[in-house]
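Taking it in order: structure first as structure tokens, then the write-up.
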Amino acid sequence: MRYKFVLMDADETLLDFKKSEQEAFTGTFRRYGIEPDALLFQTYDQINHSLWDAFERGEISKQEILKRRFRKTFRAMKLEGSFDGFEEAYQNALSEGSYTIPGALDVCRKLSEVCSLYLVTNGVGFTQRRRMKESGLEPYFRDFFISEEIGFQKPQPEYFQRVFEKIPGFEREEAIIVGDSLSSDIRGGEQAGIDTCWFLRNGLPAESEPKADFEIADLGELVEIVGAGYGRRGRKKDRQA
């Protein structure tokens, strides 16, 4: 067995966040009497991503994201009216989105039989726990490590240190992190001294930074990677000295 500890990201790795996000966004705005169009979602998406990027850099807190993202969107789109409770309504709607990435349930079931699975995510605690439970993925995981509850976020070294301390018998050389984000999952894992696997289900680019140890376009490749250290289509990347 190549890896005993597999740290899995949640959104766009196991859970189809984009689908859940679109449904929650549309439903919440309609609840407040606004029919959202493509421009409204694009404006929110840009603002939201910029705030999450700042969060990953340690520049703002999680609460600042939740306080500011819709307020900035309302101002940018010149929306008027009372939006009290909007973020809470959106989070409740988002937590109901339990769509999984194709193959996620089967892969997690197989992996859980041969290694210890742990969830590592920068999401909101209530939302991520409910989505994992409703998706059917929860039973395959030994523990969830959610940034809001940990007090730090990927890729901060403190986040990974807290995670490692909480995993019984943890050894870096026996661990791998799997995720879709170069900035939080791959960079964070690299800095923490564990192997990394970059998952992009829509295809892999020719070059990327930072370099992941493995690159896959199908979650099914993980079963072979975890067991042998390489996959048929996943390609092992040489780390630079």
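The values are calculated or read from the model by the stated rules, or taken from the named source; none is laboratory data. Small disclaimer: the values here were computed from a predicted structure and weren't measured. Methodologically, a virtual Cβ is constructed for each residue, glycine included, from the backbone with ideal geometry; neighbour enumeration extends over all protein chains shown. All accessible areas refer to the heavy atoms of the entire protein, side chains included, with ligands and DNA or RNA removed. Shrake-Rupley method; radii C 1.70, N 1.55, O 1.52, S 1.80 Å.
At-a-glance table
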| read-out | value |
| --- | --- |
| Cross-chain or 6+ apart pairs with Cβ under 8 Å, region 147-158 first and basic (Lys, Arg), then assigned to a helix (DSSP H, G or I) and crowded, with 21+ Cβ neighbours inside 10 Å | 154/147; 154/160; 154/184; 154/185; 154/188 |
| Top-ranked residue in region 1-29 [being part of a loop (DSSP other than H, G, I, E, B) and more than 18 Å from the chain's Cα centre (by Cα); ranked as surrounded by the fewest Cβ atoms within 10 Å (Cβ to Cβ)] | 1 |
| Qualifying residue in region 50-58 (condition: in contact with a Lys or Arg (Cβ under 8 Å, 6 or more places away or on another chain), assigned to a helix (DSSP H, G or I), within 27 Å of residue 185 (Cα to Cα) and of a type in the set (Ser, Thr, Tyr)) | no |
| Residues of region 160-178 that turn out to be in contact with a helix residue (DSSP H, G or I) (Cβ under 6 Å, 6 or more places away or on another chain) and either open to solvent by 40 Å² or more (accessible area, probe 1.4 Å) or more than 9 Å from residue 194 (Cβ to Cβ) (or both), as a count | 2 |
| Every residue from region 76-90 that is at pLDDT 90 or above and either touching a Leu at 6+ places or on another chain (Cβ under 6 Å) or of a type outside the set (Asp, Glu) (or both) | 76, 77, 78, 79, 85, 86, 87, 89, 90 |
| Options 57, 69; residue that is basic (Lys, Arg), exposed (fewer than 13 other Cβ atoms within 10 Å of the Cβ) and within 22 Å of the chain's Cα centre (by Cα) | 57 |
| Residues located in region 72-114, provided they are in a loop (DSSP other than H, G, I, E, B), among the aromatic types (Phe, Trp, Tyr) and open to solvent by less than 60 Å² (accessible area, probe 1.4 Å) | 83 |
| Residue 117 in contact (Cβ under 8 Å) with a residue 12 or more places away in the chain, touching a Cys at 6+ places or on another chain (Cβ under 7 Å) and either closer than 23 Å to residue 182 by Cβ or open to solvent by 50 Å² or more (accessible area, probe 1.4 Å) (or both) | yes |
